[in-house]
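The next block holds one structure in the form of structure tokens; read it before the comments.
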Amino acid sequence: MLIQSQSHTLRPLTTAHLAQTMTLLGLTVIELRQKIEGELASNPALELVESRRCPTCHRPLPGNSPCPLCSRPQRLSPDQPIVFLSPREDFHPYHHDISSEELPDDNFAPEIEDLPHYVLHQVAVELQPEDRPLAAHILTSLDEDGLLSVPLSEISIYHHVPLQRVEKVLRMIQHAEPVGVGSPTPQDALLVQLEVLSESRSIPPLAIQAIKQGMSLLSRHRYEELGNILGISSLQAKEISQFIINNLNPFPARTHWGEVHQKASSPLDTYHFPDLIISRLTNDEDSPLVVEIAMPLFGVLRVNPLFREALRQAPADKSDQWRSDLEKAELFVKCIQQRNNTIVRLAHRLAVLQRDFILEGDAYLMPITRARLSKELGVHESTISRAVSDKAVQLPNGKIVPMAMFFDRSLRIRTALKQIINQATTTLSDSDIAELLAKQGYPVARRTVAKYRAMEGILPAHLRQHFLPN
DNA sequence: CTATGGCACGGATT
DNA sequence: AATCCGTGCCATAG
């Protein structure tokens, strides 16, 4: 049998090994955690050793390696990302301490008043004095997403006023910034935002229906079924969905206040826990990237040495069972290592290739294919596919995006297209846009422009109207 | 007649 | 082998 040939690439030795590694590769952190917990529970030969922590930064360390950040020599090259496994005990997105200092917009008001006051000041002018307590009640009952957490009827009863009056006040609040705040459900928030948006620009006609009838399908990206309900094709459904994602936000408090045209980071997706967390080591322009690969458990998995020992004196009737447990455990540990190894190398390569995209944004995305990467890393194409699909990455700016975005061939062109339309003084037809794109080095067919436009939720030229921002 | 959406085909990707 | 994506052609709306 062939022994590993390449430098530090762990090679699968058996088909079972291969199969299991493949399966593991395809799993998200959260899925992997369940898988590992299952194995741990069913196989006594496996054990979980708790992670050590770095004495300096208190970060949990994978295995016996020194802390990849603190024990790093001073030789820092921007081209060399620091990639490491990061055992986690929590499953909330988190920011590296250093990068969290960097805030995206500078014109942010230094004295930030809290959301309830911010909204109250806006509605105060048109609010009847006697309705003030109602507004206050509503605004103090918001959850952290800006949604109303108590039923309206409760407020109505509490203040001994008719329900319509409460509704009237709520309507006022919902129309304040951030638009939709105070809505009882994400659905209501979207509807209000849509209504407000429709005053300044045209909107897809079926968007309202989509939100009203297909909310659950919408949030699960079930375009085909959504299309069926609305009596349109799944492509159209997708377009509408895209429009909603791009222009509306189901959780009003989660965006920054002020801007009307939110580029919300696809809010319907953000609850995913990222598998990769990318930040920058320092705020310098040439700082290396730090890539943490989320490990699902706070510890390191290994074969229990005591179990190995015990096997020697195993009672005859248990011997076979134990032996098989041990083998399974060894295989499992090896597969996990293999998975980690592949992901580390993949992440490293991606961080090198897509550095500009990670730091500067969509316009700098390199067009790369999974096939190319698989050659560079010396693995099968399907390996890359598995490793990428369904995974989420948190970028230094805090946005969580699907890992597949690193391989999106059209994203670059789509952002160029958006820029063209935003900067255009006249209303451009699709063919006009196609020409302009070609001049920028993106030769695309007119028909393709239409599709990209639709993907971005931008309406056709004759329905488009231009408004100056604010 | 022009601009755009639907459908389907072929090649690339997974 | 199945799926996705860009594109051409045609129908339709304005």
> Which entries of A:334/A:375; A:418/A:451; A:35/A:328; A:35/A:334; A:35/A:391 show an alpha-carbon separation above 18 angstrom in the structure shown?
Replying inline: A:334/A:375
>> Can you work out the Karplus-derived ³J(HN,Hα) for every residue in the range A:330-338? Use 6.51 cos²θ - 1.76 cosθ + 1.60 with θ = phi - 60°, whole Hz, and x for glycine or proline.
In response: 4, 4, 4, 4, 4, 5, 4, 4, 4
> Taking the Cα-to-Cβ direction at residue A:316 and at residue A:372 and moving 7 Å from each Cα, how far apart do the two end points lie in nm?
Replying inline: 6.5
> Using 7 Å Cα-to-Cβ label points, what is the residue A:157/residue A:235 separation (nm, one decimal)?
Replying inline: 5.2
> Contour minus end-to-end for residue A:198 and residue A:56, with contour as 0.36 nm per residue of separation and end-to-end as the Cα-Cα distance?
Replying inline: 45.7 nm
> How big, on average over all directions, is the shadow cast by the Cα convex hull of the range A:157-252, in nm²?
Replying inline: 6.8
> In units of 2.2 N^0.38 Å, what is the alpha-carbon radius of gyration of the range A:268-350?
Replying inline: 1.67
> Using a Förster distance of 22 Å, how high is the FRET efficiency between residue A:432 and residue A:363, based on the Cβ-Cβ distance and rounded to 0.05?
Replying inline: 0.60
> Hey, fewest Cβ within 10 Å first, where do A:168, A:238 land in order?
Replying inline: A:168, A:238
>> Please compute the length gained on full extension between residue A:306 and residue A:439, using 0.36 nm multiplied by the number of residues separating them and subtracting their Cα-Cα distance.
In response: 41.0 nm
> Which whole-number percent of Cα pairs in the range A:318-470 have a distance greater than 27 Å?
Replying inline: 44
>> Sorting check: for A:352-365, A:438-451, A:293-306, which peptide has the highest mean count of neighbouring beta carbons within 10 Å, and how do the rest follow?
In response: A:293-306, A:352-365, A:438-451
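Throughout, read-outs are computed from the coordinates displayed, never taken from laboratory work. The structure displayed is predicted, hence computed values, not measured ones. Counting neighbours? That spans all protein chains shown, and the Cβs are built from the backbone with ideal geometry, glycine included.
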